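Before any comments, here is the structure.
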Amino acid sequence: MKEHPPVCSTANVVELWMTVNNRAMGMWLNESSTDDFILLGIFSHSPADLALFSVVMVGFSVALCGNVLLLVLIGIDPRLHTPMYFFLSQLSLMDLMFVCTSVPKMATSFLSGRKTISFVGCCIQVGLFVTLVGSEGLLLGLMAYDRYVAISHPLHYSTRMNHRVCLQIAGSSWAFGILDGLIQMVVVMTFPYCGSRVVDHIFCEVPALLKLACVDTSLFETLLFACCVFMLLLPFSIIMASYVRILGAVLHMRSARAGKRALATCSSHVTAVSLFYGAAMFIYLRPGRYRIPSHDKVVSIFYTLLTPMLNPLIYTLRNRDVMGALRKGLDCCRGGSQQ
């Protein structure tokens with residue numbers, strides 16, 4: 001009697017892929033350096049996680065394309081060469097760096113099974129993340145001040161927010177974040193790590209690494225908490241003060257239509273602030289004893305992937321100038337293709 005070949009079902013393919021992946025990971029871990037860290041990540045190798053991984057990669061692609069498109073539109077359209085869009089271009093640049101710092105490494109680890117990251121690579125991740133969180137937080141705060149000047153002092157806007165002031169605002173945001181990132185990166189590099197080097201997170205983050213240190217880190221954790229409070233609450237206080245002034249100016253406007261238009265220009269910024277600060281405060285303003293790794297992973301995915309993905313959509317779909325620049329660009333592309 002003739003034997004039939006085994007049926008190649010989806011479940012068998014997934015099981016075979018998981019087996020090969022786990023063996024490759026085991027071989028890699030045996031050969032890896034003792035100085036390397038192991039990032040557990042958020043994915044296992046179940047069919048459900050394959051679907052979740054696909055969703056994350058779609059989000060990464062949307063964030064990448066959306067922020068690049070926004071940068072291109074602001075660069076080529078003269079109507080967008082204003083302080084507000086200059087700050088928006090800096091925000092898009094920061095969001096691009098956010099997603100490119102974590103997601104490619106996470107995807108490579110998942111596909112190859114090599115979940116290790118070198119000590120130097122881990123420290124660089126720490127420095128980049130702290131830098132970007134600090135820079136973006138301060139930039140969002142100063143963008144609120146820009147909206148306050150535009151609404152409360154429209155006649156003096158061009159003089160108060162001139163090119164030099166815009167460069168100073170952007171430069172101070174980057175400098176503030178870079179300084180804090182360098183300090184925390186250097187401190188993390190000086191701690192001795194012994195025993196388990198398994199980081200229960202999707203990327204190298206200071207609180208997750210401190211759990212692996214061989215020395216008492218309570219003093220540094222206290223200083224880190226105070227630093228995070230300052231980094232987040234200082235820009236947030238600028239935002240609150242700016243919007244209190246904006247609301248006061250809107251209430252004194254004689255035209256209700258002008259008031260609605262003024263608030264509409266702030267709606268995109270308020271949405272972006274809510275997304276960023278909601279997740280960042282949940283992560284960094286909680287004492288260590290209340291931290292749960294699974295919660296930190298989910299929220300970290302939110303502000304490292306979803307926020308950079310949603311920001312271009314928020315500022316594009318709710319902004320007539322950006323939509324006009326996009327339509328103009330598409331028309332030029334169609335005209336060029338028809339010639």
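Laboratory data are not the source of any read-out in this text; all were calculated from the coordinates shown. All values reported here derive from a predicted model rather than from experimental measurement. Cβ coordinates were reconstructed from backbone atoms using ideal geometry, including for glycine residues, and neighbour counts include every protein chain displayed.
Points worth noting:
- Radius of gyration and Dmax over the Cα atoms of the range 119-182, both given in Å: 15.1, 53
- Loop-resident sites, the range 209-298, for trypsin sites (Lys or Arg not before Pro), counting at most 11 other Cβ within 10 Å (DSSP): R254
- FRET efficiency for K211 and L263, using Cβ-Cβ distance with R0 set to 45 Å, rounded to 0.05: 0.50
- Whole-angstrom gap from the range 246-268 to the range 82-116, using each part's C-alpha centre: 34 Å
- Each residue of the range 60-74 was assigned a 3J(HN,Hα) from its phi angle through the Karplus expression (A = 6.51, B = -1.76, C = 1.60, θ = phi - 60°), giving 4, 5, 5, 5, 5, 5, x, 6, 5, 4, 5, 5, 5, 4, 5 Hz with x at Gly and Pro.
- In Hz, Karplus ³J(HN,Hα) per residue of the range 99-108 (6.51, -1.76, 1.60; θ = phi - 60°; x = Gly, Pro): 5, 7, 7, 10, 5, x, 5, 4, 5, 4
- If R0 is 35 Å, the Cβ-Cβ spacing of S44 and V120 corresponds to a FRET efficiency of close to 0.80.
- Rotationally averaged projected area of the range 223-265 (alpha carbon convex hull; nm²): 3.2 nm²
- Positive minus negative residues near S242 (Lys, Arg vs Asp, Glu; Cβ under 15 Å): +2
- Taking amide hydrogens as placed 1.01 Å from N in the peptide plane, the amide H of V198 sits under 5 Å from those of I38, each at least 5 positions away in sequence or on another chain.
- Nearest-0.05 FRET efficiency for D200 and V72, computed from C-beta distance (R0 30 Å): 0.20
- q = 0.14, 0.21 Å⁻¹: log10 I(q)/I(0) that the Debye formula gives for the range 181-312, counting C-alpha atoms only: -0.76, -1.30
- Label point at I183 placed 7 Å out along Cα→Cβ; residues across the range 230-250 whose backbone nitrogen lies under 15 Å: 230-235
- Fully extended contour minus Cα-Cα distance, from L234 to L251, at 0.36 nm per residue: 3.5 nm
- Paramagnetic label zone (point 7 Å from Cα along Cα-to-C-beta, R320; backbone N under 18 Å) in the range 237-261: 255-261
- Chymotrypsin sites (Phe, Trp or Tyr not before Pro) within the range 95-180, DSSP loop, no more than 13 other Cβ atoms inside 10 Å: none
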